[in-house]
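Below is one structure, written out as structure tokens, with a few remarks after it.
Nothing in this text is a laboratory measurement; each read-out follows from the coordinates by a stated rule. This is a predicted model, so every value here is computed, not measured. Heads up, the Cβs are rebuilt from the backbone with ideal geometry, glycines too, and the neighbour counts pull from every protein chain shown.
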Amino acid sequence: MVFFFNKRTETKQKDLPPKEDYDELVRLFKRCDVNNDGRLSWEEVKAGFRRLHSRFPVYRTHRAFQMADQNHDGYINVDDELDKLVTYVLECYPGTIKLRLI
């Protein structure tokens, strides 16, 4: 008899990204803040995705602002909202951050 479904489903914990990848992305986006105002504009975030060699930097930037810009002011605050941006990037590129930054 052939079973199409597993009798027992196992739930895996999400693999946590390495701390080095998280820190590297924080440094990357802080370097993209070219005017040092503590906020990342649309162009600065798009430049970050270009440094990550994203195939669709405009789309990734749009999604990043949907995820991270909580107060909808058009900027991602480095102090408050950068964590959500980095989490989004880690979800987009799991395990490939070091390879993308070469």
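Check each of the trypsin sites (Lys or Arg not before Pro) in segment 39-102 and keep only those in coil by DSSP with at most 11 other C-beta atoms within 10 angstrom; list them in order.
Counting only loop positions with at most 11 other Cβ atoms within 10 Å, the trypsin sites (Lys or Arg not before Pro) in segment 39-102 are Arg55.
Can you tally the net charge around Ser41? Count Lys and Arg as +1, Asp and Glu as -1, for every other residue whose Cβ sits under 12 Å from the Cβ of Ser41.
Result for the neighbourhood of Ser41: -4.
Give, rounded to the nearest 20 debye, the magnitude of the charge dipole that segment 19-100 has about its Cα centre when Lys and Arg contribute +1 at Cβ and Asp and Glu contribute -1 at Cβ. Don't jump to the answer; show the numbers that get you there.
On the way: 14 positive and 15 negative charges, 112 e Å.
Taking the Cα centre of segment 19-100 as origin, the dipole is about 540 debye.
Charged neighbours of Glu20, selected by a Cβ distance under 14 Å, balance to +1 (K, R count +1; D, E count -1). Positive contributions from Lys and Arg (+1) and negative ones from Asp and Glu (-1), summed over other residues with Cβ under 12 Å from the Cβ of His62, come out at +2.
Remark on Arg39: its backbone amide H falls under 5 Å from those of Val78, a criterion applied only to residues 5 or more positions apart or on other chains, H modelled at 1.01 Å from N.
Share of Cα-Cα pairs in segment 11-102 beyond 17 Å, in percent? Write down the numbers at each step before the final one.
Numbers: 1845 of 4186 pairs.
Summing the P(r) of segment 11-102 above 17 Å gives 44 percent of all pairs.
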